[in-house]
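The values are calculated or read from the model by the stated rules, or taken from the named source; none is laboratory data. This structure is a prediction, so every number in the text was calculated from the model and none was measured. Heads up, the Cβs are rebuilt from the backbone with ideal geometry, glycines too, and the neighbour counts pull from every protein chain shown. For the accessible areas, the whole protein counts, side chains as well, though only heavy atoms, and no ligand, DNA or RNA atoms are used. Shrake-Rupley method; radii C 1.70, N 1.55, O 1.52, S 1.80 Å.
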Amino acid sequence: MNEFEMHLAYLKLPYIRENYETAATAAAQKQWTHVHFLSELIKQEAGLRKDKAVLRRIRLARFPVVKTMDQFNWSWPKKINRVQIENLFRLKFIEEKSNVILIGPVGVGKSHISIALGYQACLKNQNVLFTSAIDAVNNLVAAQHAGQLKQELKKYLKPSLLLIDELGYLPIDKTGADLLFQVISQRYEQGSIIITTNRVFQDWPAIFNNDSTLTSALLDRLLHHTEAVVIEGASYRMRKEKTE
């Protein structure tokens, strides 16, 4: 590399280093000013950096699969408020540090919508983390036993948006309930949560080891700034069996 390219490598400007000669040729042919030439290079370098940042946020979010609403079948659920859901994609709730709870039976698209919201947040420069409720509990319990609970809690407290999937599909014992309560309590008015669940709120004590006191305290914090989205219908994944 010549000295100029060495400086560009040191400054970590890969687009400019790889494309300045091509851009210089175009600038000469089109009679760009020096400022225009420099502006074009910097614009493309910034675009490359933004694209890499988005990809990094998506990778760190740990989505099981990337979903968008372009893939969503709005006609399948028996009941769904499309306007309400589309309004959530403005991501105002993240700015307000409020929560979203998607309630409905298995297979109506709750996780799809949750992941799509998380993906949109990644595109808008927000840090996101996806986890199932059981994985979060298991990780927190393991960290507590290893004396690393504080560090593990930070993982769930740091992102702007935390997605907790499938709350209520499996019961949570007292230790797990206490630890999940810590996550939700410490994120209160500090960061947004999206929860998908197959249980209406009145059934939540059964999720948390029938501890009505803890469940009441958790719901008090969670529902203070929460938009509930109710979806009804049959499982989309079972549609083929039902039509055969």
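Side notes on the structure shown:
- Residues of the range 3-60: accessible area per residue with a 1.4 Å probe, Å²: 79 Å²
- Packing rank of 2-8, 29-35, where each peptide gets the mean count of other beta carbons within 10 Å, highest leading: 2-8, 29-35
- Principal-axis tilt of helix 133-145 within the chain, Cα atoms, nearest 10 degrees: 90 degrees
- Distance between the 7 Å Cα→Cβ label points at Gln84 and Gln190: 2.9 nm.
- Long-range HN-HN contacts of Arg199 with modeled amide H, under 5 Å: Gly104
- The range 93-160 and the range 19-84 have Cα centres lying 24 Å from one another.
- Given R0 = 25 Å, the distance between the Cβ atoms of Glu3 and Lys43 translates into a calculated FRET efficiency of 0.55.
- Principal-axis tilt of helix 174-187 within the chain, Cα atoms, nearest 10 degrees: 50 degrees
- Most mobile listed residue (Tyr169, Tyr20, Tyr188) in the chain, GNM with C-alpha springs under 10 Å: Tyr20
- Cα-projected label distance for Ile58 with Lys30, points at 7 Å along beta-carbon direction, nm: 2.8 nm
- q = 0.15, 0.16, 0.21 Å⁻¹: log10 I(q)/I(0) that the Debye formula gives for the range 1-87, counting C-alpha atoms only: -0.74, -0.78, -1.04
- Neighbour net charge for Val229 - beta-carbon separation under 12 angstrom, K R +1, D E -1: 0
- For the residue pairs Lys12/Lys97; Lys67/Lys158; Lys52/Lys78; Lys52/Lys154; Lys50/Lys79; Lys50/Lys158, the C-alpha atoms sit more than 32 angstrom apart in Lys12/Lys97; Lys52/Lys78; Lys50/Lys79.
- Amide H contacts under 5 Å for Lys97, placed H, 5+ residues apart: none
- Phi-based couplings in Hz for the range 199-216 (Karplus 6.51, -1.76, 1.60; Gly and Pro marked x): 10, 6, 4, 5, 9, 5, x, 5, 6, 9, 6, 6, 8, 5, 5, 5, 4, 5
- Distant alpha-carbon pairs in the range 47-103 (separation over 15 angstrom), percent: 68 percent
- Simple label model, 7 Å out from Cα along Cβ direction - Leu149 to Ala228, nm: 3.0 nm
- Each of the peptides 102-110, 226-234 was scored by the mean count of other Cβ atoms within 10 Å over its residues; in descending order, highest first, they stand as 102-110, 226-234.
- Accessible surface computed residue by residue for the range 138-206, with neighbouring protein chains in place and a 1.4 Å probe, gives 48 Å² per residue.
- Carbon/sulfur fraction of accessible area - the chain, other protein chains in place, 1.4 Å, %: 51 percent
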